[in-house]
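Here is the structure we will look at.
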Amino acid sequence: ETKVLGIEINVGRTGVLTPTGVFEPVTLAGTTVGRATLHNQDFIADKDIRIGDTVVLRKAGEIIPEVVRVVSHAEGSVPFHMPEVCPSCGVPVTREEGEAATRCTNPECPAQLLRHLIHFCSRDAMDIDGFGPAVLEQLVSGNLIHSPADLYELTLAKLTGMERMGQKSAENRLNAIEKSKQNDLYRLLFALGIPHIGLKAA
């Protein structure tokens, strides 16, 4: 048993808002657990999970922590509802009929852009070495890139103007971008993050 300290909302690369429960840390199957996905609004409503509640956690398949049930509600607690606007960009969110997911519909949402770029540069996608989450976050926050296509417009001057980016590092990254142009087409298709187009379909 543990207590629900809060519910955080993360925005994924396809715009889906995922609620994550933050708990008083407990030891489960040998590890300390303080967070678990709450999946979507339906999951939260079905179990009536509220901030301040005492809940039972377990590890599904000995690996993934999940909320089994609510033991008791905190005094004065209120049912949780997903936000009406995206926590990253403030644009109203939507939920299609028959779908469990709540989505941000803004194609220029910063949270979506960063995750989309991380996916684009990942090993199974365009496999661009040297463009991990930290570097991509710097590029986005520095207004240097607004889409994956902008990676291919990066110059030595732009990169060396970034914090903690020396000439050699910048050259290596530009070489990695250049090398990615030789990839098979399926990698690009997968990297674009088209709904329902996974690696095998691509």
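The values are calculated or read from the model by the stated rules, or taken from the named source; none is laboratory data. A quick note: this is a predicted structure, and the numbers were derived from the prediction, not measured. Here the Cβ positions follow ideal geometry from the backbone for every residue, glycine too, while neighbour counts run over all protein chains shown. These accessible areas exclude ligands, DNA and RNA; they are computed on the full protein's heavy atoms, side chains included. Shrake-Rupley method; radii C 1.70, N 1.55, O 1.52, S 1.80 Å.
Computed values, structure above
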{"quantity": "Ellipsoid equivalent to region 108-202 - semi-axes via the Cα gyration tensor, in Å", "calculated": "23, 16, 9"}
{"quantity": "Max mean-square fluctuation residue, GNM over the chain, Cα-Cα springs under 10 Å, options Glu108, Glu137, Glu75", "calculated": "Glu75"}
{"quantity": "Farthest positive-ward along the chain dipole, Cα basis, beta-carbon charges - from Met162, His196, Met82", "calculated": "Met162"}
{"quantity": "Debye equation applied to the C-alpha atoms of region 58-126, log10 I(q)/I(0) at 0.12, 0.18, 0.23, 0.27 Å⁻¹", "calculated": "-0.61, -1.01, -1.00, -1.05"}
{"quantity": "Overall Cα dimensions of region 1-111, principal axis frame, Å, largest first", "calculated": "40, 32, 24"}
{"quantity": "Per residue accessible area in Å² of the chain, where ligands, DNA and RNA are left out and the probe is 1.4 Å", "calculated": "58"}
{"quantity": "The chain, dipole about Cα centre (Lys/Arg Cβ +1, Asp/Glu Cβ -1), debye to the nearest 20", "calculated": "500"}
{"quantity": "Bins of 5 Å, starting at 0 and running to the largest distance - Cα pair percent for the chain", "calculated": "1, 7, 13, 14, 13, 13, 13, 11, 8, 5, 2, 0, 0"}
{"quantity": "Gaussian network model of the chain, springs between alpha carbon atoms under 10 Å - residue of Val67, Val78, Val135 with greatest fluctuation", "calculated": "Val78"}
{"quantity": "Surface share of carbon and sulfur [accessible, 1.4 angstrom probe, percent] for region 51-202", "calculated": "53"}
{"quantity": "Fluctuation leader among Ala100, Ala157, Ala176 - the chain, Gaussian network, Cα springs under 10 angstrom", "calculated": "Ala157"}
{"quantity": "Helix runs (DSSP H) in the chain reaching 15 Å along axis by Cα, Kyte-Doolittle at least -1.0", "calculated": "110-121"}
{"quantity": "About the Cα centre, charge dipole magnitude for region 70-141 (Lys/Arg +1, Asp/Glu -1 at Cβ), debye", "calculated": "80"}
